[in-house]
Amino acid sequence: MESGLTLTNDMRLVLGLVGFTMAMFVFDRIRADLVALVVLVVLGVTGLIAPEEIFSGFSGNAVISIMATMVLGAGLDRTGALNRLAAWLLRRGHGIEQRLLLMTSAIAGLNSSFMQNPSVMALYLPVASRLASRTGLALSRLLLPISAAIVMGAALTMVGNSPLILLNDLLVSANANLPSGMATLEQLPMFAPAPVGITLLVASLLYFRFYGNRKLAELETAAGGENVTPARTDSYFARTYGIEGDVFELTVTTESPLVGMTVAEAESLHDAPLLLALKTGNDTRLAPPADMRIWVGSVMGVMGPRQQVADFAQNQFLRMSSRLRHLGDLFNPARAGISEAVVPPTSRFIGKSARELRLRHSHGISLLAINRDKQVIREDVRSVPLRAGDMLVFHSFWQDLARAAESRDFAVVTDYPKGEQRPHKFKIAMAIFAATIAIALTGKLPVSLTLMTGVAGMLLAGVLKMDEAYAAINWKTVFLTACLIPLGWAMDSSGAAAWVAGNTLERLPEGTPPWVLQVVVALLTTGFSLVISHVGATIVMVPIAINLALAVGGDPTAFALVAALSASNNLMTASNPVISMITGPAGYTSRQLWRVGGPLSLLYTVIAVSVVNLMFWGR
């Protein structure tokens with residue numbers, strides 16, 4: 001490849017699309033999946049990608065593998081595997097902090113090798129909450145080590161995260177533009193990155209054992225606060241959110257000014273307690289819709305300090321009773337209660353308020369408070385637009401909460417009794433999962449087909465229903481990935497990747513060793529992943545890495561693997577979905593994440609480059 005490669009109009013257009021994608025992801029003015037769709041359309045309309053190939057990403061092995069890992073994870077969760085795991089960890093941990101932390105992080109890391117990272121984190125949030133609530137260990141001492149182990153453990157297989165799943169497709173597409181006589185790049189087998197993943201996972205466990213956990217404790221002390229443990233207890237919600245008191249029944253009399261009001265109007269009254277339930281005639285609702293009207297004889301279930309409720313009842317001419325004669329069944333702790341949930345970056349809730357989402361009407365969920373960057377919002381909380389990382393406080397039936405959580409628009413942190421569990425299918429699910437991994441080990445079938453075989457097995461065995469499988473798939477992630485894959489093809493086929501690689505080499509000293517270039521690739525990819533998605537970073541950097549390897553006589557597969565691994569090397573910012581999911585529940589500040597996650601990310605780069613070079617030594 002010549003360093004003086006001419007910059008063509010096609011190259012300019014592709015690089016312009018890359019710049020546009022990065023800018024949109026950074027400033028978040030347009031939804032990421034819409035940005036990806038715009039890029040896809042432009043690539044097709046301009047002819048950079050042939051019309052008959054433009055939608056091939058949707059049927060690619062990468063997208064199919066991502067979907068399959070999501071469904072397999074949902075199948076394991078549906079059988080109660082994670083509840084069994086939490087109980088086992090409690091028994092084996094014996095309440096010893098370091099032992100419990102080491103075991104939980106290690107097993108989470110191993111789980112992440114076969115499931116998408118955000119899915120694993122969503123499953124481990126309630127596990128961590130249960131462990132924290134039963135041992136008294138601060139949640140902040142659990143979540144960052146667990147999330148780091150999940151990120152590291154994903155490198156154990158080629159299906160642990162989206163960048164590695166994408167890598168094989170990008171390697172195959174690069175073959176069309178290799179120099180004549182160059183050996184074809186082969187797809188990497190299922191466990192090809194295992195040496196890197198094992199080393200990274202062990203390094204993460206040792207890092208938090210000897211440094212990270214102590215650093216977290218120091219930073220919490222310096223901040224002047226103690227991280228509390230989310231648990232379904234009155235003291236926690238009273239201390240953290242000011243949600244305290246008992247539940248009372250208020251009966252509406254003929255003199256009450258509430259007669260004819262809607263629930264929303266009653267809630268907006270001065271010093272109104274939390275209105276959690278309403279019985280009007282034969283219609284009894286927990287989390288009554290905002291437009292439901294209050295009439296004479298209606299019974300309201302409210303929560304608040306006794307004196308506040310008594311004053312409200314007196315001012316509004318309501319009969320107050322501390323004995324729940326009409327609504328007792330609704331407030332049975334086995335059926336309903338208060339919970340916490342975090343909003344992930346892929347949620348459809350982002351930018352919308354509870355009023356717009358009609359949470360009570362659509363899902364039977366009352367939003368009581370929002371914890372945003374350690375600030376608790378309770379005033380007019382239903383009008384506040386939601387953000388990624390917000391911690392939401394709900395009151396609902398547990399079954400309604402579980403049903404709403406299937407949409408993946410929020411991840412419930414509180415451990416609660418879940419409906420529709422199928423513990424009798426546990427052995428069947430584990431057998432199917434083990435068989436899937438065994439088939440993958442043989443390498444006789446493509447990984448995507450192997451994983452989808454496992455999905456079919458779980459569906460046929462009744463571990464999951466078909467609608468539950470659809471619900472388990474995060475379609476935003478699938479769409480984003482499928483739309484951006486052709487951008488990686490265009491980077492390669494247009495020569496843009498070769499042009500960037502050539503100009504990079506011109507600015508480096510002559511004779512720079514290949515391993516130094518790999519470090520450059522790793523750091524650049526990590527930098528991109530801090531501000532754009534790990535999928536975007538992979539699609540941009542893998543073609544560049546391959547062309548850099550060709551220019552210096554290095555191994556293109558090794559360079560590409562370093563780039564794909566580095567795309568997940570983000571333990572400091574919310575652009576990593578795993579980190580965005582733990583920031584709210586654990587109350588981490590940006591300073592804490594950078595001080596603790598920064599050194600671990602540098603260690604990640606050193607390990608990734610070193611172990612990949614050892615793996616490809618002599619090839």
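The values are calculated or read from the model by the stated rules, or taken from the named source; none is laboratory data. None of these values were measured; they are calculated from a predicted model. FYI the Cβ positions are ideal-geometry reconstructions off the backbone, even for glycines, and counts take in every protein chain you see.
When the residues of region 419-440 are filtered to those that are touching a helix residue (DSSP H, G or I) at 6+ places or on another chain (Cβ under 6 Å) and under 17 Å from ALA74 (Cβ atoms), which remaining residue is modelled with the lowest pLDDT?
GLY419
Here is a yes/no grid of residues against (1) out of contact with any helix residue (DSSP H, G or I) (no Cβ under 6 Å at 6 or more places or on another chain); (2) assigned to a helix (DSSP H, G or I):
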site: ALA471; (1), (2): yes, yes
site: PHE479; (1), (2): no, yes
site: LEU487; (1), (2): no, yes
site: ALA501; (1), (2): no, yes
site: PRO509; (1), (2): yes, no
site: VAL520; (1), (2): yes, yes
site: ILE539; (1), (2): no, yes
site: ASN547; (1), (2): no, yes
site: ALA564; (1), (2): no, yes
Query raised in the report: Wholly within region 298-414, which strands (runs of 3 or more DSSP E) include no fewer than the required count, namely at least 3 residues that are of a type in the set (S, T, N, Q), under 18 Å from THR284 (Cα atoms) and touching a strand residue (DSSP E or B) at 6+ places or on another chain (Cβ under 8 Å)?
Result: none
Query raised in the report: Just one of VAL39, VAL35, VAL71 is within 30 Å of THR436 (Cα to Cα), aliphatic (A, V, I, L, M) and part of a helix (DSSP H, G or I); which is it?
Result: VAL71
Query raised in the report: In this structure, does GLY553 turn out to be surrounded by fewer than 23 Cβ atoms within 10 Å (Cβ to Cβ), on the phi > 0 side of the Ramachandran plot and out of contact with any Ser or Thr (no Cβ under 9 Å at 6 or more places or on another chain)?
Result: yes
Query raised in the report: Can we say ALA266 is in contact (Cβ under 8 Å) with a residue 40 or more places away in the chain, surrounded by 17 or more Cβ atoms within 10 Å (Cβ to Cβ) and of a type in the set (A, V, I, L, M)?
Result: no
Query - Search result, residues across region 366-386 that are farther than 14 Å from ALA341 by Cα and either basic (Lys, Arg) or not assigned by TED's automatic domain parsing to the domain that holds ASP400 (or both) - result: LYS374, ARG378, ARG382
Requested in this report: Confirm whether SER568 is small (Gly, Ala, Ser), assigned to a helix (DSSP H, G or I) and at pLDDT 90 or above.
Outcome: no
**Report entry** Enumeration of residues in region 453-468 that are under 20 Å from ALA405 (Cα atoms), surrounded by fewer than 20 Cβ atoms within 10 Å (Cβ to Cβ) and touching a residue at least 40 places away in the same chain (Cβ under 8 Å)
**Finding:** GLU468
Report task. Among the residues of region 265-295, write down those that are assigned to a strand (DSSP E or B), in contact with a Ser or Thr (Cβ under 9 Å, 6 or more places away or on another chain), closer than 25 Å to PRO305 by Cβ and of a type outside the set (A, V, I, L, M). Result -> LYS279
